[in-house]
Structure formats: structure tokens, C-alpha cells
Amino acid sequence: MSACGGPKIKSELRVFESADELATDLAEYISQLSENSVKERGCFTIALSGGSLISLMGKLCEAPYDKTVDWTKWFVFWADERAVAKNHIDSNHKLTKDLFLSKVPILNSHVFSINDNVTVEEAAAEYEFAIRQLVKIRTVGVSESNDCPKFDLILLGMGPDGHVASLFPHHPALELKEEWVTYITDSPKPPPERITFTLPVINSASNVAMVAVGEEKAMAVHLAAAGAGENFDASSLPARMVQPTDGKLVWFLDSTAASVLDVSNGGSG
Ligand SMILES: O=C(O)[C@H](O)[C@@H](O)[C@H](O)[C@H](O)COP(=O)(O)O
């Protein structure tokens, strides 16, 4: 692995020769954050996205993590979900259940999936309400700088267009300041209807990990992680708008996704 940081404060870039090496480090990173949160707060709140990220988390289900992680203290959320039935092939819940949740002893009552039986508008409102209840009792922490939930870790994939969660380039959802969870009906990546965390929630997390593998992500990684010109329109690249206020951002990249980066400019921030 080579490590370097971009110009942003509190961000780190981790570049790996292969997706397999990335997956090994990602499992260790998540397990360490889980251990720290359980020690400090008695629980670990983690929000997941869809895509290749979930299979890259696979090593967490293997030794030693299957035994060493305190799974009963995990509370699982989704940073975004597609508006399809929970058993549909496109469902992020199904993906996570098949590849992860079915393999580790996380309590069912600690898994906060998004309602697939109502409209996206209702599902987003319901999800935000559920998170508000958990913030009130401090199962989910609260940001010191605003009243946003402070997840211990939000894991995000990134599309070649720089979208994260279901926040797409130039979409009005990028501008939302008050909402914690919103919905869209015009996703350029199918399916069109989705529910997503907003940027204020993502940027209030204690830790955000952005995970990207593959050459098709290289240009977006370069622009989002390493910097772009001053006149760069941030809304054209949502990944660049991921800048935790008080938390730490770590990029996990394979060498192809990092191929356009100039790592010589790096250094942990
Ligand atoms: O549900 C989704 O579509 C996502 O949460 C989305 O933001 C995903 O993480 C990226 O598109 C990266 O996906 P890949 O890693 O599969 O390219």
C-alpha cells in the first residue's frame, strides 16, 4: 500500500496493488473503528451503500474478524437504497444481506433497512424519523457543530461520474441543508427512484470511507481526491463535496482507480 493525502485536512488516501489487498485493509480499518466506538460509546453505528463496496467488505466475515468483532454492538444503516422490493436483485438491502448480514451475528433489531412498501417520499421521511429517535437516545451520536446524526462510519462507493450514495452530479438533492434523508425519482443510474442520506449527514460522520476500484473511476478519483482548479464546479462531482466537518475521510483505491492521481503530491493530511 502507498499512503498519501490530498490538500484537504483530515483526509487520507490508501492505494493498493489489488482489490484483494484493499479488501484486507478495509476489513482491518472497519474492525478497528468498531473496537474504538464500542469502547468509547458502547456501540458502533455504520451506514453502507450499494455496489462493489459490499463484496469488498467480505473479509470481515472471515477469521479473525468473525470472532473478534463485537457484532452485537453493531447498528447497521444504509446511506442509500434503491426503491425496489427487499428481495429484488437491485436492492442494496438484499446485496448486503446475501454477502454480509447473513454471515455475521448482527442482531436483526439493529438492522435499519428502508421501507420498501411505501412511496420513496414516505420511505425517506420514515427513515429520517427512525434515525431521529436513535439520535435522541444517543445510540447514534450527534454532531457538535449541528444537530445532525454522527455515524461512527459511513462507507461510500463512487460512480465513474463521481456520484456517492444516491447523490448525482448537478442534482438539487446536493443542495439540501436541513433534511437528513431525501429521495430522488430521476437517478441517471437505474433504478430511477432512490432514497439517500444528504451531504450534511455524510459530512457529520466521525469517519467516512470512500471505496473505488477500477480504471473507469480514475478521473473522478483524481478530481475528487487530489484537487481540481479553483473554478471547479463542485456539484459536477458529488464525491468532491464529501468533506467531513469534524470527522476523518479515508479513500481506499486500487491501483487502477488511482492511476491518474499524482501521489507524489501526497502526505497524510
Ligand atoms: O446503490 C447505489 O447505486 C450506490 O450506493 C452507489 O452510490 C454505488 O456505491 C456507486 O455507484 C459505486 O458502485 P460500484 O462500486 O459498483 O461502481
In region 98-151, the residues that are touching a Gly at 6+ places or on another chain (Cβ under 8 Å) and farther than 22 Å from Val84 by Cβ: Val135, Pro149, Lys150, Phe151
Of (1) of a type in the set (Val, Ile, Thr); (2) modelled with pLDDT of 95 or more; (3) in contact with a Gly (Cβ under 9 Å, 6 or more places away or on another chain), Thr68 satisfies all except one. Which? (3)
By residue number, the members of region 235-263 that are open to solvent by less than 50 Å² (accessible area, probe 1.4 Å) and either free of Cβ contacts under 8 Å to residues at least 60 places away in the same chain or assigned to a loop (DSSP other than H, G, I, E, B) (or both) are Leu237, Val242, Pro244, Gly247, Ser255, Ala257, Ala258, Leu261
Selection status of Leu156, surrounded by 23 or more Cβ atoms within 10 Å (Cβ to Cβ) and not polar (S, T, N, Q): yes
Quick check on my filter: what residues within region 159-174 are away from the ligand (no atom under 13 Å from the Cβ), open to solvent by 20 Å² or more (accessible area, probe 1.4 Å) and touching a residue at least 12 places away in the same chain (Cβ under 8 Å)? His170
Extreme residue, nearest to the ligand (Cβ to nearest atom), among residues of region 18-38 that are under 22 Å from Cys148 (Cα atoms) and open to solvent by 20 Å² or more (accessible area, probe 1.4 Å): Leu33
Name every residue in region 58-75 that is closer than 29 Å to Glu179 by Cα and surrounded by fewer than 20 Cβ atoms within 10 Å (Cβ to Cβ), in order of residue number. Lys73
If you take the residues of region 76-96 that are more than 14 Å from Val120 (Cβ to Cβ) and among the β-branched types (Val, Ile, Thr), which of them is most open to solvent (accessible area, probe 1.4 Å)? Ile89
Could you please tell me which pairs satisfy a Cβ distance under 6 Å, a separation of 6+ or placement on different chains, a first residue in region 47-72 that is more than 16 Å from the ligand (Cβ to nearest atom), and a second residue that is open to solvent by 30 Å² or more (accessible area, probe 1.4 Å) and charged (D, E, K, R)? Cys61/Lys103
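The values are calculated or read from the model by the stated rules, or taken from the named source; none is laboratory data. Remember, it's a predicted structure, so these values are computed and weren't measured experimentally. As a convention, Cβ positions derive from the backbone with ideal geometry for all residues, glycine included, and neighbour counts pool all protein chains shown. The protein model used for the area step is the full one, side chains on, heavy atoms only, and it has no ligands, DNA or RNA in it. Shrake-Rupley method; radii C 1.70, N 1.55, O 1.52, S 1.80 Å.
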